[in-house]
Amino acid sequence: DAYLMQSRDGRVVFAMPFEQRFTLIGTTDIAYTGDPAVVAISREEEDYLIGLANQFFRQPVDRDLIVWRYAGVRPLQDDEEANPSAVSRDYKLDLVAEAGRPALLNIIGGKVTTYRKLAEAALHKLAPHLPPMGAAWTAAVPLPGGDVGTDGIEGYARDLERHRPGLSPMVLSRLVRRYGTLCDSVLGDARSEAGLGSDLGGGLFEREVDYLKTREWARTPEDVLWRRTKTGLHLSPVELQSTTERLSRLL
């Protein structure tokens, strides 16, 4: 189950099941003015999340239990609000259209949960400059890999097991969670694990890496291990080093 925890400062923090064996706890909300490329969670933020979790859960959480940390920067509109949690998450569209020059649309703010609404608003703003664009159509269309049918992702996984009996349910389940119905593109003509190439560690096979490289623009081992997949969580430090080296040769 996922939990929503209310902090005394008015913020909420989530604790969610993650990669079967872990719990993902976050987020924090602090102003950031540095280089987004090197953003990282601070010790104070860790203390905040640990302290809040320990207000609600019977089993104590401490820093030694942390196996992975990640941080990101969310660009928000500057509405002169002193409290970062109170800054508007809405977006602003600023269109620069000068005669004789291509239109430039600046998108300020927004968040991933409203990405479809934002995308349609952006294209609506650009429509006069892109006359052949056509009507909006994405609202009712599943994301790539999301057309799993009426039985949901579990039903799709069962169908995949029947059609590819030479592949273990564990391998297929992991791929279905990552790619949905795009699994067929990942698997190609593989009918057994031998057809997936070498296991690079943590159940990450060469064929999946090839897919990530050619279809999802993975460029580095970090892209594969921590961004496209979370395989790094399932590897010991020694295994992680070995897998990183092998990925470096493949990418």
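How big is segment 145-251 by the Kirkwood estimate over distinct Cα pairs, in Å?
Hydrodynamic radius (Kirkwood, Cα pairs) of segment 145-251 is 14.1 Å.
How large is the dipole of segment 16-85 about the Cα centre if only Lys and Arg carry +1 and Asp and Glu carry -1, each at its Cβ, rounded to the nearest 20 debye?
500 debye
What's the magnitude of the charge dipole for the chain around its Cα centre, counting Lys and Arg as +1 and Asp and Glu as -1 at the beta-carbon? Answer in Debye, nearest 20.
Approximately 460 debye in magnitude.
Run the count for the chain, please: Lys pairs, Cα-Cα under 14 angstrom, 8 or more apart or on different chains.
Here the count comes out as 4.
Under the classification rounded if a/c is under 1.5, otherwise prolate if a/b is larger than b/c and oblate if not, where does segment 17-154 fall, given a ≥ b ≥ c as square roots of the Cα gyration tensor eigenvalues?
oblate
In segment 20-51, which residues have a backbone nitrogen under 18 Å from the label point lying 7 Å from residue 6's Cα in the Cα-to-Cβ direction?
27
Rounded, prolate or oblate: which fits segment 1-43 when a ≥ b ≥ c are the square roots of the eigenvalues of the alpha-carbon gyration tensor, with rounded for a/c under 1.5 and prolate only if a/b beats b/c?
It is oblate, given that a/c is not under 1.5 and a/b is not larger than b/c.
Gap in Å between the Cα centre of segment 205-234 and the Cα centre of segment 1-68?
Each part's Cα centre sits 25 Å from the other's.
Would you mind telling me the share, in percent, of accessible area of the chain contributed by carbon and sulfur at probe 1.4 angstrom?
On the chain, the fraction of accessible area on carbon and sulfur atoms equals 54 percent.
Quickly work out the residue 227-to-residue 251 label distance, labels modelled 7 Å from Cα along the C-beta direction, and quote it in nm with one decimal.
Modelled inter-label distance: 0.8 nm.
Which whole-number percent gives the relative contact order of segment 131-251, counting Cα pairs below 8 Å spaced six or more residues apart?
Taking the mean separation of contacting Cα pairs over the length of segment 131-251, I get 18 percent.
Counting other Cβ atoms within 10 Å, keep those with at most 13, restrict to DSSP loop, and tell me which trypsin sites (Lys or Arg not before Pro) in segment 91-130 are left.
111
Which whole-number percentage describes the relative contact order of the chain, with Cα contacts under 8 Å and a sequence gap of 6 or more?
It rounds to 9 percent for the chain.
At R0 = 45 Å, how high is the FRET efficiency between residue 18 and residue 99 if r is their beta carbon distance? Nearest 0.05 is fine.
Efficiency, from the Cβ-Cβ distance: 0.30.
Helix-only estimate, please: 222 nm mean residue ellipticity of the chain, summing -39500 (n - 2.57) across DSSP H runs of length 4 or more and dividing by its residues, to the nearest 500.
-9500 deg cm²/dmol
Rounded, prolate or oblate, given the Cα gyration tensor of segment 166-217, with a/c below 1.5 counting as rounded?
Verdict is rounded for segment 166-217.
Give the accessible surface of segment 60-204 per residue, rounded to a whole number of Å², with probe radius 1.4 Å and ligands, DNA and RNA excluded.
66 Å²
If R₀ is 45 angstrom, what is the calculated FRET efficiency for the pair residue 139 and residue 198, using the beta carbon separation as r and rounding to 0.05?
Calculated value: 0.60.
Select from the chain the helices, each a whole stretch of DSSP H, whose alpha-carbon atoms run 27 Å or more along the helix axis and whose Kyte-Doolittle mean is at least 0.5; answer none if there are none.
Qualifying helices: none.
With each pseudo-label sitting 7 Å past Cα toward Cβ, what's the residue 127-residue 63 distance in nm, one decimal?
Output for this residue pair reads 5.4 nm.
The values are calculated or read from the model by the stated rules, or taken from the named source; none is laboratory data. Computed from a predicted structure; not experimentally measured. Virtual Cβ from ideal backbone geometry, glycine too; neighbours counted across all protein chains shown. Note: areas computed on protein heavy atoms with side chains; ligands, DNA, RNA excluded. Shrake-Rupley method; radii C 1.70, N 1.55, O 1.52, S 1.80 Å.
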